[in-house]
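Since every read-out is calculated from the coordinates, none of them should be taken as a lab result. All values reported here derive from a predicted model rather than from experimental measurement. Here the Cβ positions follow ideal geometry from the backbone for every residue, glycine too, while neighbour counts run over all protein chains shown.
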Ligand SMILES: NC(=O)c1ccc[n+]([C@@H]2O[C@H](COP(=O)([O-])OP(=O)(O)OC[C@H]3O[C@@H](n4cnc5c(N)ncnc54)[C@H](OP(=O)(O)O)[C@@H]3O)[C@@H](O)[C@H]2O)c1
């Protein structure tokens, strides 16, 4: 039998602890599938006394992650500490500089420093594998890199953050406020004590940037439009339902004229869209490609077991000796655009919700203001509120360019009959 694959793991928390548990529990199965043993030659975390979900008496313990790489002479260094800088970055760079392949679940690190780390891995002839960094247990990276490798990717549309999806799902199902559901999510462990990385869209943005890097060879987190779910109200949730849509936190990327459009924001999604029914902590991604058409993957986007499953799949690829690792990212100076693009995405319809004076002529004034920017109305729906002189007005526009829509929306917000800050949300039309 071939020599064991020597694996050292830094970080034994939610993910790392379960990776060790999986390696322990399924040891025989993994050995059969890799046709060689996978041997844990070192583990490292901050607190040696903390209880972990695996038996660790025989595995050498290290308190310094980089020293663990030096002293174990490992083949694979697994980074499960987290954080976009600090020790996680030092550990990954140290491993690659020593020609040791890396497996990580750290999307924040790769989105920020991938431009440096992916070429470093290439130069050193090592793998830098990250199946677990996007969509937890869902095999998103391998599907994109392997199963769709013969296709041009036209568009990626995804729900990439379980915390946002859980909160929006609960707000809709139970007609509760954002704050109320967020507090519940924190009690249940679905949201961090400081939830901003999730609910302000940064976590989904990191993941989307990595998918765009794989699809089009460009990694550019700075060009992303990032918005979260803090401002979503129970009223907009109910009104969008009434209009035949569902509110979802959507990550979307596609080649536009000269760049890759990348955005993460709350959108309206038609109720018959595949992503409209992905609820709770689940994640999903839809790839649209030239030969395979639409492919949607749904599953657990986080959690110790599901994420450990993805980490171990990367370890097994390395044990099998995959010369070119499925997660290999080749960044190019010029993004690889599909030659025949589907021309659907430069414009999109919008949802506009307003509270306005309930008197004749108000809708006409708003329509005229929108028309100044060539925005036309597809549907308008109005209802009186409990306040006698105020009405709720919802407008669905025809597909419109984003700059014109935002300009028109700003102008509408200054009109005298408009009572409170209005709401503008894009509608996914593909
Ligand atoms: N949690 C998920 O569901 C999930 C899903 C997908 C991806 N990820 C990614 O996976 C990575 C790990 O997340 P996690 O949830 O497992 O984090 P976590 O539970 O906070 O675990 C972090 C681990 O790192 C160890 N650590 C921290 N600082 C260290 C240092 N200086 N030296 C050595 N060890 C150190 C901690 O040690 P102690 O245990 O001793 O404190 C802990 O074991 C992150 O990049 C995260 O974004 C997580």
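Annotations for the structure displayed:
- Cubic angstrom per residue, convex hull over Cα atoms of the range 265-323: 139
- The calculated 222 nm mean residue ellipticity attributable to helices in the chain amounts to -10500 deg cm²/dmol, summing -39500 (n - 2.57) over DSSP H runs of n ≥ 4 and dividing by all residues.
- Nearest-ten-degree value, helix 107-124 long axis tilted from longest Cα axis of the chain: 40
- One decimal place: the segment residue 390-residue 414 gains 7.0 nm when fully extended, by the rule 0.36 nm per residue minus the C-alpha distance.
- Choice from 160, 29, 128 with maximal GNM fluctuation in the chain (Cα, 10 Å cutoff): 29
- Between residue 2 and residue 24, the C-beta separation translates, for a Förster distance of 22 Å, into a calculated FRET efficiency of about 0.60.
- Two-decimal log10 I(q)/I(0) for the range 66-195, as the Debye equation yields it once each C-alpha is a single scatterer, q = 0.17, 0.19 Å⁻¹: -0.97, -1.08
- Cα-based helix-to-principal-axis angle, 362-372 vs the chain, degrees rounded to 10: 60
- DSSP beta bridge pairing in the chain, given as percent antiparallel to the nearest 5: 70
- Across 204, 158, 256, mean-square fluctuation computed from a Gaussian network of the chain (C-alpha pairs under 10 Å connected) peaks at 256.
- Here each label is just a point 7 Å from Cα along the line to Cβ, and for residue 116 and residue 429 those points are 4.2 nm apart.
- Extent of the range 347-428 along its three principal axes (Cα atoms, max minus min coordinate, largest first): 37, 22, 19 Å.
- With 0.36 nm allotted per residue and the present C-alpha distance subtracted, the residue 174-residue 55 stretch has 38.6 nm of extension available.
- The tail of the calculated P(r) for the range 140-299, taken as Cα-Cα distances beyond 23 Å, holds 37 percent of the pairs.
- Measuring r between the beta carbons of residue 33 and residue 71 and using R0 = 25 Å, the FRET efficiency lands at 0.30.
- Extension gain for the segment residue 274 to residue 320, taken as residue separation times 0.36 nm less the Cα-Cα distance, is 13.1 nm to one decimal.
- Relative packing of 420-426, 410-416, which averages over residues the other C-beta atoms within 10 Å, highest first: 420-426, 410-416
- Where the alpha-carbon atoms of the chain are placed on the principal axes, they occupy 82, 49, 33 Å, in descending order.
- Taking the chain as a Gaussian network of alpha-carbon nodes connected by springs under 10 Å, the highest mean-square fluctuation of the residues 301, 82, 150 belongs to 150.
- Rounded D (µm²/s) - the range 24-74, Kirkwood Rh over Cα pairs, Stokes-Einstein at 4 °C, 1.567 mPa s: 104
- In degrees, nearest ten, helix 178-188 long axis to first principal axis of the chain (Cα): 20
- Estimated Rh, the range 150-239: Kirkwood, alpha-carbon pairs, angstrom: 14.4
- Modelled FRET efficiency - R0 45 Å, residue 406 with residue 187, Cβ distances, 0.05 increments: 0.75
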